[in-house]
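Structure, as structure tokens:
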Amino acid sequence: MNFSIRKADINDCSRIRELASRIWEPTYGSILSEEQLEYMFEMMYSVGHIKQQMTELKHEYLIAYADDEPAGYIAIEKKSDDVFIFQKIYTLPELHGKGFGRYLMEQGTAYIKSIHPLPFTVELYVNRENPAVGFYEHLGMKKIATRDHDIGHGFYMNDYIMAMKIE
């Protein structure tokens, strides 16, 4: 299987939403209620919200491909001078365990290296019940805090904040 990646632009918002629709329920269906899943998906993945992230919030999206088919994405936000957040990092469920998640993490880090001098820190937020916590630890991320982020309508994102210094 061949992997590739490219920087997304405003014309990719619908493609990102479509990918998210294939990833969202398998990723969170056993962790969150159906009501919270629906609320969060519409809040985070409306085409308008993705456009706003790209334009106003300056999030950089990269779309990854497996054998030339869209199969995952990563969104990167500059948090402060030397800290970047992987706001979203998702792969199609059928690619779990095939090196695609590692590829996304490596490519996200390589992208930051291409626009920012070393050293810097990469952070990400991951639901405390998400099995991906172990994957991120395997790649060198460390749990540095927890957060219970109010997202409205009585819902919270209960996350670990994980970080890794890149030197």
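With respect to the numbered conditions (1) in contact with a strand residue (DSSP E or B) (Cβ under 9 Å, 6 or more places away or on another chain); (2) of a type in the set (G, A, S); (3) surrounded by fewer than 18 Cβ atoms within 10 Å (Cβ to Cβ), which one is the sole condition not fulfilled by G72?
(3)
Restricting to segment 1-20, name every residue that is part of a helix (DSSP H, G or I) and open to solvent by 50 Å² or more (accessible area, probe 1.4 Å).
Quick first cut of segment 1-20, residues part of a helix (DSSP H, G or I) only: 10-20.
I10, N11, S14, R15, R17, E18 - these are the residues of segment 1-20 that are part of a helix (DSSP H, G or I) and open to solvent by 50 Å² or more (accessible area, probe 1.4 Å).
Give me the pairs: first residue in segment 5-25 and free of Cβ contacts under 8 Å to residues at least 40 places away in the same chain, second residue in a loop (DSSP other than H, G, I, E, B), beta-carbon distance under 7 Å, and six or more apart or on different chains, which are they?
none
Can we say P131 is over 14 Å from the mean Cα position of the chain (by Cα), at pLDDT below 95 and open to solvent by 20 Å² or more (accessible area, probe 1.4 Å)?
Numbers: over 14 Å from the mean Cα position of the chain (by Cα): yes; at pLDDT below 95: yes; open to solvent by 20 Å² or more (accessible area, probe 1.4 Å): yes.
Yes, satisfied.
Out of all the residues in segment 121-135, which are free of Cβ contacts under 8 Å to residues at least 60 places away in the same chain, touching a strand residue (DSSP E or B) at 6+ places or on another chain (Cβ under 9 Å) and in a loop (DSSP other than H, G, I, E, B)?
R128
Need a quick list: helices (runs of 4 or more DSSP H) entirely within segment 21-120 having at least 3 residues that are at pLDDT below 95.
Details: elements: 34-45, 47-55, 100-115.
Filter on segment 21-120 gives 34-45.
The values are calculated or read from the model by the stated rules, or taken from the named source; none is laboratory data. Remember, predicted model here, so these are calculated numbers, not experimental data. Positions of Cβ are backbone-derived with ideal geometry, glycine not excepted, and every protein chain shown enters the neighbour counts. SASA here: full protein model, heavy atoms, side chains in, ligands and nucleic acids out. Shrake-Rupley method; radii C 1.70, N 1.55, O 1.52, S 1.80 Å.
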